[in-house]
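Asks: Got a structure for you, written out below as structure tokens; questions coming shortly.
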């Protein structure tokens, strides 16, 4: 499947099932790069799981290895898709910490 068709399908799925759990099995990393939870499988078993940015932060992980093997343009596409979730997660962590500090004070 070409990238344009894949993008159209993913937009349709997100629009139609945005509030539901969707299980996506993909060979293109761009297809899953903005997912909430990714499970990396190999030889019929789970190799690793986590959010996209958690998996990317594991420099010795299988997901990171797959992303590093992509051509530069595709790698950049995956990394760009991850950034909004990474920022949102960091902001949530900061807000939780500030909330805890204000409760202690």
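Asks: May I ask you to sort 5, 31 by Cβ crowding, counting other Cβ atoms within 10 Å and putting the fewest first?
Replies: Lowest to highest Cβ neighbour count: 5, 31.
Asks: While we're looking at this one, here's another question. Under 8 Å for C-alpha pairs, at least 6 residues apart: give me the relative contact order for segment 3-104, rounded to a whole percent.
Replies: Relative contact order of segment 3-104: 19 percent.
Asks: For the chain, what does -39500 (n - 2.57) per DSSP helix run (n ≥ 4), summed and divided by total residues, give at 222 nm, in deg cm²/dmol to the nearest 500?
Replies: -19500 deg cm²/dmol
Asks: Here is a further query. Could you list 1, 37 in order of exposure, starting from the residue whose Cβ has the fewest other Cβ atoms within 10 Å? Please list the in-between numbers first.
Replies: Working: 1 9, 37 12.
The order, fewest Cβ neighbours first, is 1, 37.
Asks: Under 10 Å, Cα contacts only: if you run a Gaussian network model on the chain, which one of 95, 49, 69 comes out with the highest mean-square fluctuation?
Replies: Top of the fluctuation ranking is 95.
Asks: Which one, 30, 83, 92, has the greatest fluctuation when you compute a Gaussian network model over the chain with C-alpha springs under 10 angstrom?
Replies: 92
Asks: Whole angstrom only: what separates the Cα centroid of segment 72-105 from the Cα centroid of segment 41-61?
Replies: Segment 72-105 and segment 41-61 have Cα centres spaced 19 Å from each other.
Asks: Related question: If the elastic network links every pair of Cα atoms under 10 Å, which of 34, 43, 68 fluctuates the most in the Gaussian network model of the chain?
Replies: Sorting by GNM fluctuation, first place goes to 43.
Just so you know, all these numbers are worked out from the coordinates, no wet-lab data involved. Nothing here was measured: the structure is a model prediction, and the numbers come from that model. Reconstructed Cβ throughout: ideal geometry from the backbone, glycine too, with neighbour counts over all protein chains shown.
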